[in-house]
Amino acid sequence: MDPSGRILQFDRNAAAVLSAPGYGLLGAHLDDVIGGARRPLLEALRAGRERTAMLPVETRDGGVLDAVVTVHPMLGAALDGGASPAGEGAGGAADVAVLAVVRVPVPLADRFVDPAVIRRALLDDALPRLGAALDLELLARGLMDVLVPHFCTSGALLLRENLVNPDEEHADGLLMRRMAIGVADDDPAWDAAFPTGEVIAYPPDGPYERCVRTGEAVRTVLDAAAAAGLADGWSRPPVADLLRDSSMVLLPVTSAAGVLGFFACLRGAGHRPFDPYDLEIGMEFASRASILVESARQYARERATALTLQRSLLPTDLSAPAPVEVHHRYLPGGRLIEVGGDWYESIALPGGRVALVVGDVAGHGVKAAVTMGRLRTAIHTLADLELRPAEALERLDSLMRTLGEREPHFATCAYVVYDAVSGRCEAASAGHLPPLLAPPGADAEFLDVPPAPPLGVGDGPISSREFTVPEGTLLFLYTDGLVENRARDIDDGLARLRATFAAGASERRLNELCGDALDGVYDDEHRDDIAMLVARLGRLPADRHASWELPAEPAAVRRARGLVRARLAAWGLDDLADTAALVVSELVTNAIAHAGGRVRVRLVRDGSLVCEVFDTADGRPRMRPDDAAAMAESGRGLHVVRRLSRRWGVRRTADGKVVWCELDLP
């Protein structure tokens with residue numbers, strides 16, 4: 001067009017589609033052909049930039065289409081009136097000032113005419129980009145986005161239920177799961193009639209059953225009677241209107257395991273029906289898509305196996321003394337990430353103590369899950385041996401080195417032991433993120449634990465830190481998936497976590513705090529798995545425990561028996577007094593005989609009665625064989641303790657050891 005909007009040149013499509021005054025398009029004004037086009041024309045000339053508007057366009061057959069009109073200003077020389085430019089017409093010498101591009105919908109009958117366009121759209125453009133998709137649901141949606149609108153106006157991908165969900169066994173009928181649907185016009189009626197995820201049983205001797213049974217494509221036309229029959233069979237009346245006068249093709253999805261399912265493709269009324277050449281293009285698309293579907297199905301099955309294995313290796317319940325409230329949360333990795341090796345543990349220990357552990361095995365998949373299970377078993381054994389946190393992590397490091405001889409492994413771990421009687425904590429870490437402490441009424445702080453290399457990596461020493469916490473303090477242990485991802489720096493994640501446990505957090509419910517800590521991570525499909533453990537560290541009431549300092553002399557044994565009997569009488573446990581007095585006297589006798597120095601006796605009542613005797617020697621007492629003890633004048637004390645108590649053990653302290661035994665309450 002020239003600056004006034006007079007048309008100088010046009011292409012064949014414009015001549016075939018646009019309606020013009022009696023003298024034709026050449027020389028006509030754009031505003032006469034496209035009503036309202038003068039405004040974007042003037043805006044483009046004034047600004048020197050393109051302008052786009054949605055305008056009604058009257059076609060040659062009298063219809064009206066909503067067209068997207070884009071006006072581009074141009075700079076060029078005058079046209080030679082004697083030379084006819086490419087196109088159906090050209091004007092005289094004038095300056096070409098504007099180019100108008102008019103985009104109108106393709107007529108329904110011409111939509112699927114060019115097979116080269118269909119083949120390129122299906123096989124060359126979009127399908128290769130889907131090759132990296134391993135999530136079956138995401139892949140199904142991507143495949144339907146390719147089919148609709150390039151091959152059909154609506155469609156769905158259906159897979160056999162016993163392949164998608166191997167745990168389901170179905171002997172009767174053809175049971176299929178609808179993985180995804182596609183509709184060109186986004187009509188919500190299709191979603192209502194054919195919901196995604198629905199499991200549907202197709203009757204025998206129909207086109208669907210024939211496609212799955214033979215593995216061959218099926219082409220048919222659904223007239224009013226056929227559409228009504230399908231609607232009656234599915235008890236869905238709206239289906240009849242949606243499928244009426246449609247052309248349908250079923251394209252099988254096959255693999256070495258057989259027919260996995262099929263694509264159901266429909267072209268609605270007014271569109272060119274499917275022909276044999278469309279069937280050939282569709283089968284080539286289905287063949288290539290089958291490779292992607294089988295890969296995603298195999299990945300989904302392996303991921304489900306690894307996830308099931310990992311969940312079976314995680315603890316089913318957590319144990320802790322009564323004053324300590326513990327809550328955990330585990331979130332598997334995103335759908336695009338394999339199962340990881342994150343784990344958590346809360347193990348109640350004798351004497352009102354608890355071991356709180358969180359670890360993370362490097363890597364993903366079944367191997368990481370198996371290594372995690374080994375570490376969990378080892379940590380239970382080490383907790384039963386009542387090793388101090390640093391020593392327990394050293395033993396785990398040795399285990400990881402042994403495992404690494406066959407295949408390299410490493411892991412991080414944070415280990416905290418809390419004593420609900422004294423309020424003392426002892427924490428150690430091997431390459432793990434620092435625990436978070438949130439005292440009542442104060443801001444949360446990350447615990448400064450002496451650093452150490454990850455388990456199975458370095459030779460650095462592992463040391464622990466001891467400290468006392470106020471009653472009601474929150475202790476939060478977590479893995480790196482909570483605070484680190486592709487789009488966020490770990491420092492930002494730690495700051496967000498600290499804000500979650502700000503002043504006042506100790507008064508909130510633990511499950512709410514876990515939910516707030518996970519806020520914003522669910523929608524990350526690339527996230528690592530997350531394990532977290534939060535504990536509210538309470539104190540055992542003063543009337544539930546007692547301790548006494550005794551001199552290292554024989555008279556202390558009689559005094560210990562009297563103190564124990566008096567305390568149990570005050571607790572209303574007279575029936576247990578004789579047994580408790582006997583085992584305490586044996587433990588005190590051993591401490592005086594073999595340790596020297598003052599001894600301390602402590603009774604802790606928390607679900608059971610724990611009798612503890614502290615001394616300053618670090619040697620572990622050994623129990624003689626039964627026959628040797630029977631012949632000796634001494635050495636029968638530990639046999640008495642073992643026979644009368646539910647269990648007994650020894651643990652080391654900073655300045656000696658503790659020998660304890662546990663008695664069942666009446």
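Place a +1 charge on the Cβ of each Lys and Arg in the chain and a -1 charge on the Cβ of each Asp and Glu, then give the dipole magnitude about the Cα centre in debye, rounded to the nearest 20.
2200
Region 308-403: percent of C-alpha pairs farther apart than 21 Å? The partial results should precede the final answer.
Numbers: 1597 of 4560 pairs.
For region 308-403, the fraction of Cα-Cα distances above 21 Å is 35 percent.
How big is the accessible area of R141 in square angstrom, nearest 10, if you roll a 1.4 angstrom probe over the protein chains?
Its accessible surface works out to 110 Å², give or take rounding.
Can you pull a Stokes-Einstein diffusion coefficient for region 205-354 at 4 °C (1.567 mPa s), Rh from Kirkwood over Cα pairs, as a whole number of µm²/s?
The calculation lands on 65 µm²/s.
If you average 1/r over all unlike Cα pairs in region 379-508 and invert the result, what Kirkwood radius do you get in angstrom?
15.9
Rank V293, V183, V199 by accessible area, highest first, at a 1.4 Å probe radius?
Largest accessible area first, the list is V199, V183, V293.
Can you quote the Å³ per residue value for the convex hull of the Cα atoms in the chain, rounded to an integer?
261
How much accessible area does S463 have with a 1.4 Å probe, in Å² rounded to the nearest 10?
Spelled out: S463, probe radius 1.4 Å, area about 50 Å².
Quick one: helix 136-150 against the long Cα principal axis of the chain, what's the angle to the nearest 10°, folded into 0 to 90?
Approximately 10 degrees, to the nearest 10.
Please list E161, E549, E43 from largest to smallest accessible area, probe radius 1.4 Å, with all protein chains kept in place.
Result, largest first: E549, E43, E161.
Starting from region 384-484, pick out the GluC sites (Glu not before Pro) whose DSSP state is loop and whose Cβ has at most 12 other Cβ atoms within 10 Å.
When the GluC sites (Glu not before Pro) of region 384-484 are filtered for loop state and at most 12 Cβ neighbours within 10 Å, E405 remain.
Based solely on its DSSP helices, what 222 nm [θ] is calculated for the chain when runs of n ≥ 4 H residues each add -39,500 (n - 2.57) and the sum is averaged over all residues, nearest 500 deg cm²/dmol?
Numbers: 19 runs with 215 residues, N = 666.
So the helix-based figure for the chain works out to -10000 deg cm²/dmol.
Using the Kirkwood radius over Cα pairs, work out the Stokes-Einstein diffusion coefficient for region 384-457 at 25 °C and 0.890 mPa s, in µm²/s as a whole number.
For these conditions, the coefficient is 180 µm²/s.
What shape does region 96-239 have by the C-alpha gyration tensor, where a ≥ b ≥ c are the square roots of the eigenvalues, rounded means a/c under 1.5, and otherwise prolate means a/b greater than b/c and oblate the rest?
prolate
If region 440-573 were replaced by its equivalent ellipsoid, with semi-axes equal to the square roots of 5 times the Cα gyration tensor eigenvalues, what would those be, largest first, whole Å?
Its equivalent ellipsoid spans semi-axes of 43, 21, 13 Å.
Relative contact order for region 472-579: what percent, with Cα pairs under 8 Å and sequence separation of 6 or more?
Value for region 472-579: 34 percent.
Of the heavy-atom accessible surface of the chain (probe 1.4 angstrom), what whole percent is carbon and sulfur?
51
Which one, A560, V534, A546, projects farthest toward the positive side of the charge dipole computed for region 512-573 from Cβ point charges (K/R +1, D/E -1)?
A560
I'd like the accessible area for E507: 1.4 Å probe, protein heavy atoms, all chains in place, Å² to the nearest 10.
E507 exposes around 150 Å² with every protein chain in place.
For region 111-159, what is one quarter of the convex hull surface built on the Cα atoms, given in nm²?
Computing the convex hull of the Cα atoms and averaging its projections yields 3.5 nm².
May I ask you to list the residues of region 97-139 whose amide nitrogen lies under 17 Å from a point 7 Å from Cα along the Cα→beta-carbon direction of A269?
Counting backbone N atoms under 17 Å from the label point, the list is 108-109.
Which net charge results for the neighbourhood of P350, defined as the other residues with beta-carbon distances under 9 angstrom from its beta-carbon, given Lys and Arg at +1 and Asp and Glu at -1? Could you put the intermediate results ahead of the total?
Details: positive: R353, R647, R651; negative: E386, E612, E662.
Taking every other residue near P350 into account, the sum is 0.
Can you tally the net charge around I462? Count Lys and Arg as +1, Asp and Glu as -1, for every other residue whose Cβ sits under 11 Å from the Cβ of I462.
-2
Taking a 1.4 Å probe, which of S295, S312, S247 shows the most accessible area, and what order do the others take after it?
Per-residue accessible area, sorted high to low, gives S312, S295, S247.
For the chain, what is the accessible area per residue in Å² when the probe is 1.4 Å?
47
The values are calculated or read from the model by the stated rules, or taken from the named source; none is laboratory data. In this text, all values refer to a predicted model and were calculated from it rather than measured experimentally. Because the Cβ atoms are built from the backbone with ideal geometry, glycine has one as well, and the counts that use them run over all protein chains shown. Just so you know, the surface numbers come from the protein's heavy atoms only, side chains and all, with ligands and any DNA or RNA stripped out. Shrake-Rupley method; radii C 1.70, N 1.55, O 1.52, S 1.80 Å.
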